[in-house]
Amino acid sequence: MSRLLFEKTGDAVYLSHLDLMRIFQRAFRRADILIWHSQGYSPRAYVSIALPLSVGTESGCEILDFSIEDGTADLTRLPELLNRTMPKGVRVLSAYESAQKVKYLTRLRAEVTLEYDAGVPQGAHEAIAGLFSRETVVVEKAGKRGVTQTDIHPMLFSLEVREQDPHELVLEAVVSAQNPSLNPQLLVGAIETYLPACRPDFARIRRLEVYEDDGTVFR
């Protein structure tokens, strides 16, 4: 399987998953690289993104799989060819062959930046750290079956809190990436539910890295 590592930053975070798929399909065509297409009346170029991003989330570690029709391509030149036509904020970092199945991508390290217009509330650092050290942290989670009450603690492997500046707190967390998955946005939801005095005015989320169960970087 051929694979890309790419980033999505800046205004590109507002592109939807489907928009991103179309962008990559067009980029392959413009680079004169014929990728494998599905069969049937409406053939589609096969590209698959491992963990679709929520709109508004940045990432420096996105994984995209693709298959080349004739089985050959110069992967060393592929990032340069694709980046020529990519919109600002979407950039291919590397292209390579990998036999590692996406199902082994089980953990995700993310950074959640909490912004406070009037400054970080007194005691917020300690209160937030204390919240996520509890044995259970139940929040509302929206899914295909509607909104459910979910304990996110078993899906949270580690979390550190640091003060970025007088107006920002940063949470760096390692969470479950799949089966089940923990959207880092739920960490913000937990703060809003349990610590309303520490509710941020705005929150930014960025994926930093993806891992296998043993902590090996997934590629």
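By the helix-only formula, in which each DSSP H run with n ≥ 4 contributes -39500 (n - 2.57) and the sum is divided by residues, the chain has a 222 nm mean residue ellipticity of -5000 deg cm²/dmol. Carbon and sulfur atoms: what percent of the 1.4 Å accessible area of the stretch 166-219 do they account for? Its accessible area is 49 percent carbon and sulfur atoms. Under 22 Å of direct C-alpha separation, and excluding same-chain neighbours fewer than eight residues apart, Lys88 reaches these lysines: Lys8. Measuring nothing but how far apart in sequence close Cα pairs (under 8 Å, 6+ apart) lie, relative to its length, the stretch 58-209 scores a relative contact order of 33 percent.
Taking the DSSP beta bridges with both ends in the chain, the antiparallel portion is around 95 percent. Of the candidates Leu18, Leu156, Leu53, which one comes out as most mobile in a Gaussian network treatment of the chain with C-alpha springs shorter than 10 Å? Of Leu18, Leu156, Leu53, the most mobile in the Gaussian network model is Leu18. Karplus-derived 3J(HN,Hα) values for the stretch 79-94, using 6.51 cos²θ - 1.76 cosθ + 1.60 with θ = phi - 60°, are x, 4, 5, 6, 5, 4, 10, 6, x, 4, x, 10, 9, 7, 8, 7 Hz; glycine and proline are entered as x.
The values are calculated or read from the model by the stated rules, or taken from the named source; none is laboratory data. No experiment lies behind these values; they were computed from the predicted model shown. Ligands, DNA and RNA are stripped out before the accessible areas are found, and what is left, the full protein with its side chains, is counted by its heavy atoms. Shrake-Rupley method; radii C 1.70, N 1.55, O 1.52, S 1.80 Å.
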